[in-house]
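Some notes on the structure that comes next.
The values are calculated or read from the model by the stated rules, or taken from the named source; none is laboratory data. Only a predicted model underlies this, so the values are computations on that prediction, with no experimental measurement involved. Please note: Cβ atoms are built from the backbone with ideal geometry, for glycine as well, and neighbour counts cover all protein chains shown.
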Amino acid sequence: METTLQWGRFHSISANASLMLEVNAEGTVAAWRDTEAGSVYGERVHHMPRGVRIVSAPSKPLRFFPRGNAAPAGSYVLSNGAGSFRVVVSPAGRIRVEKL
């Protein structure tokens, strides 16, 4: 998930475009969408590994802007039988991972 978020941030900066990340209701798939066209951005769909789910995500889809900042800032909690991690995105677009 951290790699997926880093890709979205760097791509927003390099392409001078806004992208948003949507997570499906089951928490098993995250997809980048072009904010202007509304369609899935290229082939950028991330399937969680078997047994891993996103159990908590921001209520509105995260969006990265061309300067690398993010709105709304928030966190994603990923969980499986071995434990849970929180991936935090700050308003400045910085991404960090915390073990829960």
Exercise for the section: Check S79, S84 and return the single one that is surrounded by 17 or more Cβ atoms within 10 Å (Cβ to Cβ) and either assigned to a strand (DSSP E or B) or without any contact (Cβ under 8 Å) to a residue 24 or more places away in the chain (or both). Expected result: S79
Practice task
Could you list all residues from segment 4-35 that are assigned to a helix (DSSP H, G or I), among the polar types (S, T, N, Q) and over 15 Å from S75 (Cα atoms)?
Solution key: S12, S14
Practice task
Could you list, in sequence order, all residues of segment 56-68 that are under 15 Å from G8 (Cα atoms) and either surrounded by fewer than 17 Cβ atoms within 10 Å (Cβ to Cβ) or among the basic types (K, R) (or both)?
Solution key: R63, P66, R67, G68
Exercise for the section: Say whether the condition of being modelled with pLDDT of 95 or more, under 16 Å from Q6 (Cα atoms) and touching a helix residue (DSSP H, G or I) at 6+ places or on another chain (Cβ under 8 Å) is met by at least one residue in segment 79-92. Expected result: yes
Fill in the blank from the handout: By residue number, the members of segment 36-62 that are among the aliphatic types (A, V, I, L, M) and either within 21 Å of S75 (Cβ to Cβ) or in a strand (DSSP E or B) (or both) are V40, V45, M48, V52, I54, V55, A57, L62
Handout entry: Members of segment 6-52 that are over 18 Å from N69 (Cβ atoms), in contact with an Asp or Glu (Cβ under 7 Å, 6 or more places away or on another chain) and basic (K, R)
Key = none
Completion exercise
G68: passes all of (1) closer than 18 Å to W7 by Cα; (2) assigned to a loop (DSSP other than H, G, I, E, B); (3) within 11 Å of the chain's Cα centre (by Cα) but (3)
Problem - Residue under evaluation D34, criteria (1) modelled with pLDDT of 90 or more; (2) out of contact with any Leu (no Cβ under 6 Å at 6 or more places or on another chain), criterion not met - result: (1)
